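Reading through the structure tokens given below for one structure.
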Amino acid sequence: MSAIKKSNILKTGESTWSFHGGIKLPGHKDMSTGKPIARMPSSDRYVIPLNQHMGAEGEVLVSTGENVLKGQMLAGPHGLISAAVHSPVSGKVAEITQHRFPHPSGLAGTCIVIENDHKDEWVERNPIGEDYTTISSHELRNIVRDAGIVGLGGATFPAAVKQTEVGIETLILNGVECEPYITCDDMLMRERADGIIKGAKIIAHIIKAEQCIIAIEDNKPEAIEAITRAVSRDGSENITVQSVPTIYPSGGERQLIKIITGNEVPVNGLPADIHVLCHNVATSYTIYKAIFEAEPLISRIVTITGRGINSPRNLEVDIGTSIHDCIEHCGGYSNDARALIMGGPMMGLTLNTDELPVIKATNCLLVTAGIDISLPDSEIHMPCIRCGKCVDVCPANLLPQQLYWFAADKDYDRAVDYNLFDCIECGCCAYVCPSQIPLVQYYRFAKSNIWEQERERKKSDIARQRHENRLERLEKQKQEREARLKKKRDALSKNKSSRDKEMDKKKALIAEALARVNEKKSKQNTKAKNTENLTPEQQQKIKQADARRENMKKHENQ
Amino acid sequence: MADSRAVKSLRSSPHLKQSVTVAQIMRNVVFALIPVCAWSVYAFGFSVLLLLATTTLVCMLSEAMFCRISGRTSSLGDWSIVITGLLLGLTLPPGFPLWMAAVAAFVAVGLGKALFGGLGYNVMNPALVGRAFVQAAFPVAITTWSPPFLPGRFTELIPSTLTAPFMMPEPIDAWIDQKSIDAFSGATPLALQKFEQVSTPLTELLTGTVSGSAGETSAIIILLGGIYLAARRMMDWRLPVGVMLGAVIVSLPFWLLDAARYPDPLFVLLSGGLMLAAVFMVSDMVASPVTPLGVWVYALFIGMLTVVIRLFGGLTEGVMYAILLGNAISPLISLVTQPKVFGERNKS
């Protein structure tokens with residue numbers, strides 16, 4: 001794998017590389033950038049879901065009724081890919097219960113409910129500050145991990161997990177924010193640029209990156225200016241600001257890396273494979289807060305916007321605050337409010353109620369109104385006319401039309417062959433489709449079906465494996481038994497032969513003994529002098545005596 | 001609950017939609033075709049107006065009928081069938097008997113479109129399927145040409161136009177001779193070039209003051225229609241450009257070798273139905289490949305094949321069969337020209 005050539009990296013003002021496809025979208029960003037970020041007043045009750053991030057749910061560390069302090073860890077990371085959650089206020093754990101929270105499934109999850117005592121008492125904090133340069137990457141990563149920091153661009157992947165220090169040359173800070181309406185990163189960059197730069201330096205220190213590039217879409221001149229000024233204030237030479245063209249989805253990690261470096265992150269690979277690490281600007285700011293103020297991720301900037309909101313603006317909101325309260329704080333819904341979306345209009349999630357907590361992933365609360373957003377009214381779409389517009393705009397360079405065909409036919413094998421899983425669900429294809437085909441929904445449907453099949457296959461694989469294992473085990477047992485029997489038999493036969501040998505020995509001994517006896521006898525016979533050299537009379541007498549004995553025997557037998 | 005208003009629509013992303021629709025695209029193609037039709041009517045008279053009206057109406061009626069039979073919702077609203085009707089009419093000779101035109105239109109919709117499942121599912125261009133059918137069925141009528149700008153073209157019809165159904169048309173030579181000031185050979189520029197090596201001036205080809213099918217007249221008007229569609233991003237400009245490029249690639253070397261015998265590339269481009277086909281038929285989205293590379297392969301293939309048929313085949317015109325063949329191999333082209341997926345490494 002080749003390293004990025006230094007000449008490939010562009011400096012401020014230079015034109016960038018481009019990725020295939022993408023679309024220009026109406027921004028609607030002005031709506032929420034008119035007023036500075038405001039602090040959402042504290043609430044009486046906070047609902048903190050354990051599963052606000054990608055990966056495993058955290059492990060609960062508190063119990064109902066327990067008093068907690070602001071910034072106290074409520075649940076610790078469980079497993080490698082997991083994140084901690086903290087109490088945004090001091091107070092009491094009211095309950096640990098199932099509560100609905102913003103999630104594509106619409107299902108409830110374990111949440112810790114905190115009752116605010118309004119004392120605002122912090123847990124004991126030991127900020128590291130500028131001394132972070134003397135601390136090892138490993139220790140800093142642990143701090144980031146324990147601060148519950150996740151990617152705030154929307155994917156909410158635990159930040160510490162990807163902060164590898166092996167072979168990273170370039171840190172890219174993503175300030176692109178390409179989705180329409182969302183301005184939370186824009187406002188953060190305008191107002192808190194210094195913190196972002198400090199955060200970038202901390203990350204660069206952790207991952208031992210040689211340089212940092214801060215990418216900002218060129219429709220945010222104020223943010224570019226603020227960040228550029230902060231960089232020059234800081235004086236770092238290896239931090240550059242790069243404006244990138246306003247084209248959706250240039251804020252997608254892989255697309256942005258292509259724009260900045262000209263290199264593509266390999267399929268099934270990670271940015272680290274091409275020596276790049278990408279973090280959102282808000283993540284960088286949160287890391288700065290964790291190191292310099294020992295403040296875990298307990299609040300974030302949320303854009304509350306859309307024509308369905310009376311007074312759109314950006315709020316700094318504590319995690320766990322009710323969405324309803326946030327919207328009320330921005331003047332509430334307008335009369336023609338229509339749909340509530342968490343995130344942007346291209347990839348956001350519609351919510352069917354606002355009685356949900358703000359979570360780490362809540363970058364935007366968009367309320368549409370009237371024809372604010374052109375949702376196709378009819379569920380019936382036209383047939384695909386193969387116009388190829390989807391192919392032209394696909395940032396992953398796929399053939400969306402073919403994928404649709406296979407997904408609709410449930411021909412999942414071919415859908416996978418046509419790289420369905422490289423689809424990032426950005427929605428460009430569906431946006432341009434003149435037949436109004438809900439392409440992304442088809443892909444999601446196909447993906448979930450394939451996952452389901454995969455699970456089934458795994459299950460049956462496991463079952464088959466189990467069966468095979470059982471057969472193997474039985475076979476093994478049989479063999480073992482046979483082996484044991486054989487051993488026994490062998491042992492027996494061995495015994496037998498040894499007994500035979502013994503017998504032989506004995507027999508031999510007996511035979512020997514007999515032979516000896518016979519010999520003795522014969523010797524004795526030879527030595528029996530009284531039967532030797534007998535006279536004929538004596539022999540006669542013996543004969544007579546023998547005959548008498550015979551007679552007597554006969555007599556007795558009779 | 002105060003948020004009850006915000007619960008009205010619940011669906012997964014994306015929530016944004018560009019407003020261009022299929023019907024809009026098709027309508028714009030019809031708009032782009034209107035000047036072509038108008039000029040054709042002006043040049044050949046009322047016969048062409050009747051011809052275009054017949055093909056379009058029969059196409060629409062057939063479509064409505066087939067939709068009803070197959071239980072699909074009527075697709076008349078998407079305007080695509082109007083394009084088929086107009087294009088079919090434009091590929092026929094001006095004096096083509098109307099009953100034959102009606103047969104062509106019925107076959108175009110039935111065999112070319114409905115049989116495959118309607119819009120989006122047809123393998124070949126329906127208009128050309130209809131045209132190919134009548135080319136085989138009525139070989140004489142489809143090669144009976146009449147000259148443009150005949151006096152009295154708006155007061156009387158070409159005699160063959162109103163041939164009674166299932167009857168063969170009478171020859172129209174005598175009628176043309178009676179009307180025409182100059183002697184009319186009855187040959188199209190392509191036939192003149194192919195069989196007599198007589199070249200037609202390019203200005204006549206550009207303005208369409210030549211004989212031929214109703215629509216293969218003014219290259220300029222056709223090109224303007226194409227530019228309009230390309231500018232509105234309702235047509236893939238690569239397709240017509242590719243066809244023209246393909247035609248030039250094949251015809252140029254022959255012309256350089258023997259300029260007396262072979263036509264010059266510009267003549268190849270402007271004569272016959274090539275321009276109409278390149279702009280309005282090859283660019284038919286349904287039957288063309290979707291891969292970026294495939295689009296070029298497809299267009300070049302059609303352009304080159306057209307010229308090969310014209311130069312070496314028995315026919316004077318080759319673009320129809322070139323497109324039908326191109327349609328046939330379009331899925332294959334798509335298959336072998338898969339683009340490299342983002343992040344995919346070259347297999348090396």
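All of the numbers you see were taken from the coordinates with simple rules; none came from a lab. The structure displayed is predicted, hence computed values, not measured ones. Cβ coordinates were reconstructed from backbone atoms using ideal geometry, including for glycine residues, and neighbour counts include every protein chain displayed.
Figures for the structure shown
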{"read-out": "Angle between chain A longest axis and helix A:439-527 axis [Cα atoms, degrees, rounded to 10]", "value": "20"}
{"read-out": "Cα-based Kirkwood hydrodynamic radius, the protein assembly as shown, one decimal, Å", "value": "34.3"}
{"read-out": "Rounded to 5, percent antiparallel among DSSP beta bridges of segment A:7-366", "value": "60"}
{"read-out": "Residue-averaged [θ]222 nm for chain B, counting only DSSP H segments that reach four residues, each worth -39500 (n - 2.57)", "value": "-17000 deg cm²/dmol"}
{"read-out": "Computed helical MRE - 222 nm, chain A, DSSP H runs ≥ 4 contributing -39500 (n - 2.57), nearest 500", "value": "-13000 deg cm²/dmol"}
{"read-out": "Rounded, prolate or oblate (a/c below 1.5 giving rounded, otherwise prolate when a/b exceeds b/c) for segment A:7-366 by Cα gyration tensor", "value": "oblate"}
{"read-out": "Long pairs among A:K92/A:K119; A:K389/A:K410; A:K389/B:K17; A:K70/A:K119; A:K162/A:K220; B:K17/B:K113, criterion Cα-Cα beyond 18 Å", "value": "A:K389/A:K410; A:K162/A:K220; B:K17/B:K113"}
{"read-out": "Shielding of A:386-398 by partner chains, average beta-carbon count, 10 Å", "value": "6"}
{"read-out": "Per-residue average of Cβ from other chains inside 10 Å of A:423-434", "value": "4"}
{"read-out": "Residue-averaged beta-carbon neighbours from other chains (10 angstrom radius) around A:340-350", "value": "4"}
{"read-out": "DSSP-assigned coil residues among trypsin sites (Lys or Arg not before Pro) in segment B:220-255, each with at most 16 further Cβ atoms within 10 Å", "value": "B:R232, B:R233"}
{"read-out": "DSSP-defined beta bridges in the protein assembly as shown - what % are antiparallel, rounded to 5", "value": "60"}
{"read-out": "Highest average packing first - A:425-437, B:62-74, B:269-281, Cβ atoms within 10 Å", "value": "B:269-281, A:425-437, B:62-74"}
{"read-out": "Highest to lowest packing among A:97-107, A:265-275, scored as the average C-beta count within 10 Å", "value": "A:265-275, A:97-107"}
{"read-out": "Highest-first arrangement of B:42-53, A:169-180, where packing means the average Cβ count within 10 Å", "value": "A:169-180, B:42-53"}
